[in-house]
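Below: the structure, in C-alpha cells.
The values are calculated or read from the model by the stated rules, or taken from the named source; none is laboratory data. Everything numeric here is computed off the predicted structure, so don't read it as measured data. Every residue, glycine among them, receives a Cβ derived from its backbone with ideal geometry; neighbour counts consider all protein chains shown.
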Amino acid sequence: MLKILKYSFFDLMRSRWSYVYFAFYLLLGVVLLFLNNDLSKAIITLMNIIIILVPLIGTVFGVMYYYNSKEFTELLLAQPLKRSSIFLGQYLGVALSLSMSLILGLGIPFVIYGLFKSNAIWDFSLLLLIGGFLSLIFTALAFNITLSNDNKIKGVGYAILLWLFLAIIYDGIFLMSLILLEAYPLDKLSLAGTMLNPIDLSRILILLKLDISALLGYTGAVFKQFFGTGLGLIVSFLMLITWVAAPLARIIYVCKRKDF
Amino acid sequence: MIRIQNLHKSFGKNHVLSGVDLDITEGGIFAILGPNGSGKTTLIKSILGMVIPDKGTILVEGVPTKNRSLYRNRIDYLPQIANFPGNLKVCELIRMIKDLRGKVAYDSILIEKFQLAPYLGKKLSTLSGGTRQKLNIVLTFMFDSPLIILDEPTTGLDPISLIQLKQLIHGEKKKGKTILITSHIMSFVEEVSDEIVFLLEGQVYFKGSISSLKSKTQQLDFEHAIASILKDNHAQNIKI
Amino acid sequence: MKHYRIHYILLALTILSVRGYSQNLQVCNGCHISSIKQAIAMANDHDSILVKQGTYKEYGILVDKPVTIVGENYPIIDGELKGEIITVVSDSVTVEGLHIMNVGTSYTEDYAAIRIKKSKHFVVENMVLENLFFGIYLEKSNFGKIAHNKIIGDAIQEYNSGNGIQLWYSNYVDVEHNYIKQVRDGIYLEFSDHCKIKNNVSEANLRYGLHFMFSNHDLYEDNTFRNNGAGVAVMFSKHIKMFNNSFKENWGTASYGMLLKEINDSEIIGNSFEENTTGIHIEGSNRIRYRNNDFVKNGWAIKVRGACYDNQFLENNFLYNSFDISYNSNVNDNRFDRNYWSNYTGYDLNKDGIGDVPHRPVKLFSYVVNRTPETIILLRSLFIDIIDFSEKVSPVFTPDNLLDNNPLIKRL
C-alpha cells in the first residue's frame, strides 16, 4: 500500500492541478494577510472558505483522479497486489497531496507573515487540521461514488450533488426542521444533526474556537456541557475520525467485490 | 497450469460466461478467440482476478485464485489499452513496476530491443500510441513468469516491432512458458498459436489445434474456418 | 510588590505628618493600650491611633470621634465571625492599613468590615478585607474616599453573601484603585450621585462586577470588570459617564459585559468589551452616546431590546463578534455612523477611508436565533450566509434604515 501511496502521491504532486490548487491557497493566504493586515480577520475568512471549498475540491478532484487513472488501476490490479492496498494507496495519495497543497499553500504566507510569533498559531493549526480532515473525508466519499459508478458523467454529477447537499441543502433542511420543531427541546437534535454532516462538524470545531461567547448564551444543559467543557472538542474529533473510517471501510468492502 | 471449472459471470442481465470449463496445460501458446462479446476479456480478467466470478473455480498452478493476490506474481499480463499515470516518466514507471513486483527484470534488454532508450526521460503523457504499446510490451515481458497473458498485443505496432513481438513470444515459448493470447488478427493467431480456444455464447465451443479446427469445419484456411463457425452458429440461432 | 512599597512610604509620610499637630496613641498586643476600642475611648478629637503589627480579636468597634486609625504592617483585626467590625459614625475619620477578617454573617443585618454611617469626609485606604459578608458599606455618607483596598471574598451563594463596596444614599464619594474579588456584587451603588469610580478591578464576583441603580451624575473610568457571574448591570440612572472601562469574559445566558436598563442621557466612551456573551444589552435607554468603544469577539456586541430612542453609535470598532447588532423589532431610531465593522464586505474606490456601500450590521440570522435559540449551531454555515446576504440585499425582517452609511475601512 505504501508503494502505491508513494507513486500516486508523486504522480499527483507533479500534476498541474496540484499546482493550481497550491497556487490558489498561496494567493488566498497572501491576499488575506498582506492586503488586509489583520491576522484574526484573515483566519476567520479562511475558516469560512475552507469548510466549503476543501470538500468541493476533495470530491471533484477525487472523482476525476479515479476516472483518469482507471487504466493505471487496471494495470495495478494485474500485479500481485491486494485490491485494498491499491485503492487505499491511491486514496491516500490523493488525500495527502490535497492536504499538502493546502498546508503548504496557506502555511508559507502565514509563516512569512510571522505566525510563530503570534498567538493565532493555535487557530491556524486547527484550521489546517480541519482542512486535512475534510480532504480525507471528501476524497473517501469521492472514491465511494466512483467505485459505485463507472459512468464518469454520473460520477462527477453525484460528486457535485453530494457537495451541494452537505454544504448548503443539508443546513437548509436542518434550519427548517429546527424552526418547525421549536416547541420541543432541541439541543440533542441539533447536536446530532451537526454530527451527521462532516461540514457542520468542522464548523462546530471552528465555532468552539471563534464563537464560544455566543454559544454559551444558550441555556440548554446539553449544549452547555457540550460547548462549555472539553467534551465538544473530543466528541467532534471522534466523529471526524468516524467520518474518515466509515467511507474507507466501504471502499475496502466495495473494491473487493467489484469487477474491472 | 490453469484449470477453470463451471465458470459463470453475468453483468446485470447479460450472461457473459455461462459454465466455462477449460484446462490449459503447461507450455505452449493458446489463442482465445470468439466474436465480440463472447467473453474473451471477461475470461482473462477472471483468471487475473480483476473480475470476480459468480460461480465456479479457477485454479492457477493448482491453487484457487479466489481472494488471493500473490499468484499474480506468476503471471505477466499485457492489458488491451495501455494508459499510464501521465506525470510519471517512462523510466520511473519501469522502476515502479519493478518495485511493486520485486523480481528479476530484463528491462534493459527489452528497452534496447524496442528502441525505447530515447523515451526514458519523457513523461508518459507525451508518448504516441505505438510507443506506449511498446512500453506496455516491455513492462509485460521484463519479468520471468511462467504464465503470460496478452490481450490484443498487436495494437498500434509498426511492422518491425510486430516481428520483434513474435520473436519474443517464440522465445518465451521455448523457455517452456504458457502463453494466452487474444487477438482479432487471424494471421497473427495462426502464425503464433499452438492451440485455439473458441468461445461462443459464454461457453467453450471448440478447443484444439488449428488443423483439427480446419478439419472439423471442413475448411482449408483458418480464417474461413472461424467464419464458418460463426455462420453455423448464426443459422442455428435462427432455427431455434 | 512595588505597589506595596509605595504604599508603605505613603503610610509613613502620613504618620509623620499626623504626629506634628496631634497626640499619637499606640496599640499593640503587649502595650497598655492593647485594643483599638480602648484607644478610641482614650483618644481626643483629631488624634491618631497607630495599630502595631499583631492580631486583635475585636468586633463592634464604634468610631464616634474624628480620629485617624493607621495600621503598621497590616495588623490583623479578627472579628471571629461575631458581627460588624468597624462602624464609623463621626465625620472626618480615616481608617487605613488594617487587615480585617472574619466578618459575621447574618440574615437580618448586613454586617460589614467597615461601615460609615451618616458621616462626611471619611477616608478608607490600603485596607485588606478577607472572609467577609459586606466589605465597605457607606450609608448616607458624603464626601469621602475609598481607595487602594483589597477585598477578597469567598462567596459561593448569593443569598448569604454581601457586596464588596456598597454605597447607599452616599454622594460625592471617590472609589479608586480597589481590587474586589468573589463577593456578591463587586461595587454597588444605590441612590448615590456625583461619585467617581476609577481604576478599580472587580472580578469573579457571583453576580455583578458593578451594579448601580438610581444613581445619577456618576463617573466610571478605567475600571476592569472581568469574569463576573452576570457582568455589569446599570439601571434607572441618568447622566452617567463611562470612560475607558474594560468589560471582559462575562459568559453565560444572562451574563452581559454591561446591561443597561432605563439609562438616559449618558456617555459611554472608549470602553472595551471583549469576549462577553453579550457586550452591551440595552433596554429602554435613550439619548446615549457610544463612542470609540471596542467590541471584540463577543457573542453579541450590542443587543437592543425594547424601546431605545435616539442613541448614537459613532466611531466604534466592531471586531470579530458572532453578531454585531441584534434587534428584536424592525423599527430603529438609533444612529450608527463611522464605525469600523470587521464584517464589512464593501469597498472604497475613492480611497477616502470610508466604504462606498453602507453597512447593515443586523443579520437576519440574529432574528432566527432570537426565535429558536438552538439554531445558533448553524452559525457560519454557507446556507445562513446566503439568507443573510439576501436579507442584506432586500431587508424584510431587519429595520430598513438601520445602516452605517459611512463604515470605516480601517479600524480606529
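Please identify the pairs in which a residue from region B:56-80 that is on the phi < 0 side of the Ramachandran plot and assigned to a strand (DSSP E or B) has its Cβ atom under 7 Å from the Cβ atom of a residue that is modelled with pLDDT of 85 or more and among the basic types (K, R), counting only partners at least 6 apart or on another chain.
B:L59/B:R3; B:V60/B:R74
Please pick out the residue among A:L75, A:L2 that is farther than 24 Å from A:R203 by Cα, in contact (Cβ under 8 Å) with a residue 24 or more places away in the chain and within 14 Å of chain B (Cβ to nearest Cβ).
Numbers: A:L75 fails: in contact (Cβ under 8 Å) with a residue 24 or more places away in the chain.
Matching residue, one of A:L75, A:L2: A:L2.
Return only the number of the condition from (1) within 14 Å of chain C (Cβ to nearest Cβ); (2) closer than 16 Å to A:I50 by Cα that A:G220 does not satisfy.
Of everything listed in (1) within 14 Å of chain C (Cβ to nearest Cβ); (2) closer than 16 Å to A:I50 by Cα, A:G220 misses just condition (2).
Given the criterion in contact with a strand residue (DSSP E or B) (Cβ under 7 Å, 6 or more places away or on another chain) and either over 21 Å from B:E61 (Cβ atoms) or buried (at least 21 other Cβ atoms within 10 Å of the Cβ) (or both), identify the matching residue among B:L157, B:L150. I'd like the intermediate steps shown before the answer.
On the way: B:L157 fails: in contact with a strand residue (DSSP E or B) (Cβ under 7 Å, 6 or more places away or on another chain).
Checking each option against the conditions leaves just B:L150.
Please work out if A:I204 is surrounded by fewer than 20 Cβ atoms within 10 Å (Cβ to Cβ), in contact (Cβ under 8 Å) with a residue 12 or more places away in the chain, touching a Gly at 6+ places or on another chain (Cβ under 9 Å) and within 11 Å of another protein chain (Cβ to nearest Cβ). Step through it out loud before you land on a result.
Details: surrounded by fewer than 20 Cβ atoms within 10 Å (Cβ to Cβ): no; in contact (Cβ under 8 Å) with a residue 12 or more places away in the chain: yes; touching a Gly at 6+ places or on another chain (Cβ under 9 Å): yes; within 11 Å of another protein chain (Cβ to nearest Cβ): yes.
When the stated conditions are applied, A:I204 does not pass them.
What strands (runs of 3 or more DSSP E), lying completely within region C:284-376, carry at least 1 residues that are within 25 Å of C:R411 (Cα to Cα), among the polar types (S, T, N, Q) and within 14 Å of chain A (Cβ to nearest Cβ)?
C:317-319, C:323-327
With respect to the numbered conditions (1) surrounded by fewer than 20 Cβ atoms within 10 Å (Cβ to Cβ); (2) farther than 16 Å from B:I149 by Cα, which one is the sole condition not fulfilled by B:D194?
It fails just one condition, (2).
With the structure loaded, tell me whether B:K98 is of a type outside the set (S, T, Y), touching a strand residue (DSSP E or B) at 6+ places or on another chain (Cβ under 8 Å) and more than 9 Å from chain A (Cβ to nearest Cβ) or whether it fails that test. Before the answer, list the steps.
Values: of a type outside the set (S, T, Y): yes; touching a strand residue (DSSP E or B) at 6+ places or on another chain (Cβ under 8 Å): yes; more than 9 Å from chain A (Cβ to nearest Cβ): yes.
In short, yes.
Which of (1) within 14 Å of another protein chain (Cβ to nearest Cβ); (2) more than 30 Å from A:D259 (Cβ to Cβ) is the odd one out, the single condition A:I103 does not satisfy?
Among (1) within 14 Å of another protein chain (Cβ to nearest Cβ); (2) more than 30 Å from A:D259 (Cβ to Cβ), the lone unmet condition for A:I103 is (1).
So which residues in region C:386-407 are within 13 Å of chain A (Cβ to nearest Cβ) and either in contact with an Asp or Glu (Cβ under 7 Å, 6 or more places away or on another chain) or surrounded by 15 or more Cβ atoms within 10 Å (Cβ to Cβ) (or both)?
C:I387, C:D388
Could you list all residues from region C:259-283 that are within 11 Å of another protein chain (Cβ to nearest Cβ) and part of a strand (DSSP E or B)? Steps first, please.
At the first step, the residues of region C:259-283 found to be within 11 Å of another protein chain (Cβ to nearest Cβ) are C:273-279, C:281.
Scanning region C:259-283 gives C:F273, C:E274, C:T278, C:G279, C:H281.
In the list A:S8, A:S40, which residue meets the criterion of being within 12 Å of another protein chain (Cβ to nearest Cβ), more than 18 Å from the chain's Cα centre (by Cα), part of a helix (DSSP H, G or I) and surrounded by fewer than 19 Cβ atoms within 10 Å (Cβ to Cβ)?
Numbers: A:S8 fails: surrounded by fewer than 19 Cβ atoms within 10 Å (Cβ to Cβ).
Residue meeting the stated conditions: A:S40.
Quick one: is B:K98 more than 16 Å from the chain's Cα centre (by Cα), within 22 Å of A:E74 (Cβ to Cβ), in contact (Cβ under 8 Å) with a residue 24 or more places away in the chain and part of a helix (DSSP H, G or I)?
On the way: more than 16 Å from the chain's Cα centre (by Cα): yes; within 22 Å of A:E74 (Cβ to Cβ): yes; in contact (Cβ under 8 Å) with a residue 24 or more places away in the chain: yes; part of a helix (DSSP H, G or I): yes.
Yes: the conditions hold for B:K98.
Tally the residues that are under 14 Å from the mean Cα position of the chain (by Cα) and either at the interface with chain A (Cβ under 7 Å from one of its Cβ atoms) or surrounded by fewer than 20 Cβ atoms within 10 Å (Cβ to Cβ) (or both), restricting the search to region B:46-71.
Residues that pass the stated criteria total 2.
Mind listing whichever residues of region C:212-258 are more than 16 Å from C:S202 (Cα to Cα) and within 14 Å of chain A (Cβ to nearest Cβ)?
C:G252, C:T253, C:A254
Could you give me the residue pairs with C-beta distances under 7 Å whose first residue belongs to region B:1-25 and is within 14 Å of chain A (Cβ to nearest Cβ), whose second residue is of a type in the set (K, R) and assigned to a strand (DSSP E or B) wherever it lies, and which are 6+ apart or on separate chains?
B:H8/B:K55; B:V16/B:K9; B:L17/B:K9
In a helix (DSSP H, G or I), of a type in the set (K, R), touching a Lys or Arg at 6+ places or on another chain (Cβ under 9 Å) and within 11 Å of another protein chain (Cβ to nearest Cβ): does that describe A:K256?
Details: in a helix (DSSP H, G or I): yes; of a type in the set (K, R): yes; touching a Lys or Arg at 6+ places or on another chain (Cβ under 9 Å): yes; within 11 Å of another protein chain (Cβ to nearest Cβ): yes.
The answer is yes for A:K256.
Of all residues in region A:107-154 being aromatic (F, W, Y) and either at pLDDT 95 or above or within 22 Å of the chain's Cα centre (by Cα) (or both), which is nearest to A:I86 (Cα to Cα)? Outline the logic, then answer.
First, the residues of region A:107-154 that are aromatic (F, W, Y): A:110, A:113, A:116, A:122, A:124, A:133, A:138, A:143.
Within this subset, residues satisfying the condition of being either at pLDDT 95 or above or within 22 Å of the chain's Cα centre (by Cα) (or both) are A:110, A:122, A:124, A:133, A:138, A:143.
On the way: A:F110: 36, A:W122: 36, A:F124: 33, A:F133: 21, A:F138: 18, A:F143: 12 Å.
Ranking the candidates gives A:F143 first.
Take region B:101-118 and flag every residue that is more than 10 Å from every other protein chain (Cβ to nearest Cβ), part of a helix (DSSP H, G or I) and either in contact (Cβ under 8 Å) with a residue 12 or more places away in the chain or of a type in the set (V, I, T) (or both).
Applying the first criterion (more than 10 Å from every other protein chain (Cβ to nearest Cβ)) to region B:101-118 yields B:104-118.
Filter again for part of a helix (DSSP H, G or I), leaving B:107-113, B:117-118.
B:D107, B:I109, B:L110, B:I111, B:K113 - these are the residues of region B:101-118 that are more than 10 Å from every other protein chain (Cβ to nearest Cβ), part of a helix (DSSP H, G or I) and either in contact (Cβ under 8 Å) with a residue 12 or more places away in the chain or of a type in the set (V, I, T) (or both).
Of everything in region C:98-121, what is part of a loop (DSSP other than H, G, I, E, B) and buried (at least 17 other Cβ atoms within 10 Å of the Cβ)? Give them in sequence order. Walk me through it before giving the result.
Let us first name the residues in region C:98-121 that are part of a loop (DSSP other than H, G, I, E, B), namely C:98, C:102-111, C:118-119, C:121.
Of everything in region C:98-121, those that are part of a loop (DSSP other than H, G, I, E, B) and buried (at least 17 other Cβ atoms within 10 Å of the Cβ) turn out to be C:L98, C:N102, C:V103, C:G104, C:T105, C:D110, C:Y111, C:S119.
Which residue is surrounded by the most Cβ atoms within 10 Å (Cβ to Cβ), if the candidates are limited to region A:78-96 and must be assigned to a helix (DSSP H, G or I) and within 11 Å of another protein chain (Cβ to nearest Cβ)? Talk me through it step by step, then tell me what you get.
Let us first name the residues in region A:78-96 that are assigned to a helix (DSSP H, G or I), namely A:83-96.
Still in the list and also within 11 Å of another protein chain (Cβ to nearest Cβ): A:83-86, A:89-90, A:93.
On the way: A:R83: 23, A:S84: 16, A:S85: 17, A:I86: 21, A:G89: 22, A:Q90: 28, A:G93: 23.
Among them, the one singled out is A:Q90.
Select from region C:179-201 the residues that are more than 21 Å from C:D110 (Cα to Cα) and buried (at least 24 other Cβ atoms within 10 Å of the Cβ) and list them in ascending order.
C:C195, C:I197, C:N200
Any residue in region B:30-46 that's closer than 15 Å to B:E201 by Cβ: show its pairings with residues that are at pLDDT 85 or above and in a helix (DSSP H, G or I) at Cβ separation under 6 Å, as long as the two are six or more apart or on different chains.
Sorted first by the residue in region B:30-46, then by its partner, the pairs are B:I32/B:K40; B:G34/B:K40.
Only one of (1) touching a strand residue (DSSP E or B) at 6+ places or on another chain (Cβ under 9 Å); (2) more than 22 Å from B:T25 (Cβ to Cβ) fails for B:R132. Which number is that?
(1)
Testing B:S145 on (1) in a loop (DSSP other than H, G, I, E, B); (2) among the small types (G, A, S); (3) closer than 15 Å to B:I94 by Cα, one condition comes back false. Which one is that?
(3)
Residues to consider are A:S236, A:S213, A:S177; find the one that is hydroxyl-bearing (S, T, Y), more than 8 Å from chain C (Cβ to nearest Cβ) and more than 15 Å from C:T375 (Cβ to Cβ). I'd like the intermediate steps shown before the answer.
Working: A:S213 fails: more than 8 Å from chain C (Cβ to nearest Cβ); A:S177 fails: more than 15 Å from C:T375 (Cβ to Cβ).
Going through A:S236, A:S213, A:S177 in turn, the sole match is A:S236.
Out of A:F110, A:F116, A:F124, A:F165, report the one residue that is in a helix (DSSP H, G or I), more than 10 Å from chain C (Cβ to nearest Cβ) and buried (at least 23 other Cβ atoms within 10 Å of the Cβ). Quick ask: steps written out before the conclusion?
Details: A:F116 fails: buried (at least 23 other Cβ atoms within 10 Å of the Cβ); A:F124 fails: buried (at least 23 other Cβ atoms within 10 Å of the Cβ); A:F165 fails: buried (at least 23 other Cβ atoms within 10 Å of the Cβ).
From the options A:F110, A:F116, A:F124, A:F165, the qualifying one is A:F110.
Would you call B:L93 in a helix (DSSP H, G or I), touching a Phe, Trp or Tyr at 6+ places or on another chain (Cβ under 8 Å) and within 30 Å of B:T25 (Cα to Cα)? Spell out how you get there, then give the answer.
On the way: in a helix (DSSP H, G or I): yes; touching a Phe, Trp or Tyr at 6+ places or on another chain (Cβ under 8 Å): yes; within 30 Å of B:T25 (Cα to Cα): no.
Against the criterion (in a helix (DSSP H, G or I), touching a Phe, Trp or Tyr at 6+ places or on another chain (Cβ under 8 Å) and within 30 Å of B:T25 (Cα to Cα)), B:L93 does not qualify.
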